[in-house]
Protein chains: 2
Amino acid sequence: MSRTTIVPPGIKKRDAIATRASILSAARDRFLRESYASVGLRDIAGDAGVDVALISRYFGGKEGLFRDVLLHGKEGGLFRQPLSATEIPAYLAQLVVDDADENRQHRMEMFIVMLRSASSPQAGEIIRDLVHHDILGPLAEILGDENAELRANMLLAVLMGIGVLRTIMKIDALDGSPRQRAECEYRFRCLFEAALTC
Amino acid sequence: MSRTTIVPPGIKKRDAIATRASILSAARDRFLRESYASVGLRDIAGDAGVDVALISRYFGGKEGLFRDVLLHGKEGGLFRQPLSATEIPAYLAQLVVDDADENRQHRMEMFIVMLRSASSPQAGEIIRDLVHHDILGPLAEILGDENAELRANMLLAVLMGIGVLRTIMKIDALDGSPRQRAECEYRFRCLFEAALTC
DNA sequence: CCATTAAGTCAACAGGTGTTGATTTAGTTC
DNA sequence: GAACTAAATCAACACCTGTTGACTTAATGG
């Protein structure tokens, strides 16, 4: 659970940037679990312990809020840090499996938010832009040969597939022992490698 | 475009099963393009050239309609026909790429409908049940060894990933020449094989 | 201490949601 | 052709949606 999703601890002080952050955090948590269309602004406001009107006031509306959740969450990007093509499979497998590392988990969560809401017309456009510029772009650049684009697509397909399987379809092969978890990470890495080399 | 999505051709006769089918068809087309939560019953009724009230009357409500769209579409299932484990990769690759074969296309469409709406709480439950019983179950049975379940999961992950990439994220590597299309099919088959063997 | 400004609250809006009951219409059967 | 039945229509329902304007309250500057 995040910092500010519960109603503020003591006396609520008047702090614009704090409530803004509180709304952003509550929205992130909601969009992480449901689709854009099925989340209401009143739900988010309730979680954040804030009046609904503030959302439209601070973010210009639901669409603006969603965009800010995504933009605020993309710090670091999925592929920003220096990463060679050969390291990618292992990196992605770890990203998918490891839910201890907070930083990794955060990156994966933003990915899930995108996956969840991509079918809502309004959110879809925002998401597709982001996927192109901030995921496929950097990824293709790392790969960097003639088939870079196509291979980036394959890689992303596998990543999305695993993400959907685990988080949306709730079919989680990772719910088992650490041993099973390790085997999964191996298989995932293997699959990512196949996406690159085949 | 489907048969009955446009307003009926001539004089509309009073035919319960025909209008029922018309609603079902219009709903399928809508759910194929948007998520459960963002599709309104009045949209569907409009497409079908039918009064909104008939939907709740015939299907018991939005949820019932959605369930019927899925159940009606699962004729044949994704894996019903006799299929050996070794044939699966080629079969799935063909399923994904070939949009000429109407039967194949139909199966894939049902898959997309599920992918699109899985994040809406009400539709999600229906979908997850169906995925378990009608996709993962038969698939694991075909694979049939000790790691069947895990390998079925991997296979499904790849299938969903490609589906999301193409239809929801609208990143379609298949928009090119027949040559490029053939290469894609090869790569997909390769990826499905990796999901099974690794 | 008062005035000013920003932050938060409240109520209402206009429009949309799924759903239901009463009513009318068309087709069938005697 | 009249009676009956099933199909389709209409209007309204209670509720929820995002958004806006006017208002109240708290903090800050002079």
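Things worth noting here:
- Residue, nearest to the chain's Cα centre (by Cα), within the stretch A:28-60, restricted to residues that are away from DNA strand C (no atom under 11 Å from the Cβ) and hydrophobic (A, V, I, L, M, F, W, C): A:LEU32
- Unique match (being away from every other protein chain (no Cβ under 12 Å), touching a Lys or Arg at 6+ places or on another chain (Cβ under 9 Å), farther than 15 Å from A:MET160 by Cα and free of Cβ contacts under 8 Å to residues at least 24 places away in the same chain) among A:VAL39, A:VAL52: A:VAL52
- Filtered by the rule that a residue be aliphatic (A, V, I, L, M) and within 28 Å of A:ARG30 (Cβ to Cβ), the stretch A:140-167 gives A:LEU156, A:ALA157, A:VAL158, A:LEU159, A:MET160, A:ILE162, A:VAL164, A:LEU165.
- Residue among B:LEU41, B:LEU54, B:LEU32, B:LEU70 that alone is surrounded by 14 or more Cβ atoms within 10 Å (Cβ to Cβ), at pLDDT 95 or above and touching an Asp or Glu at 6+ places or on another chain (Cβ under 8 Å): B:LEU32
- Hey, B:LEU165 surrounded by 17 or more Cβ atoms within 10 Å (Cβ to Cβ) and without any contact (Cβ under 8 Å) to a residue 12 or more places away in the chain or not: yes
- 2 or more residues modelled with pLDDT under 95 and more than 11 Å from chain B (Cβ to nearest Cβ): qualifying helices (runs of 4 or more DSSP H) within the stretch A:74-168: A:88-97, A:102-117, A:137-143
- Residues satisfying the stated conditions in the stretch A:85-118, i.e. among the β-branched types (Val, Ile, Thr) and within 11 Å of A:GLY163 (Cβ to Cβ): A:VAL96, A:ILE112, A:VAL113
The values are calculated or read from the model by the stated rules, or taken from the named source; none is laboratory data. Not measured: the values here are computed from a predicted model. Reconstructed Cβ throughout: ideal geometry from the backbone, glycine too, with neighbour counts over all protein chains shown.
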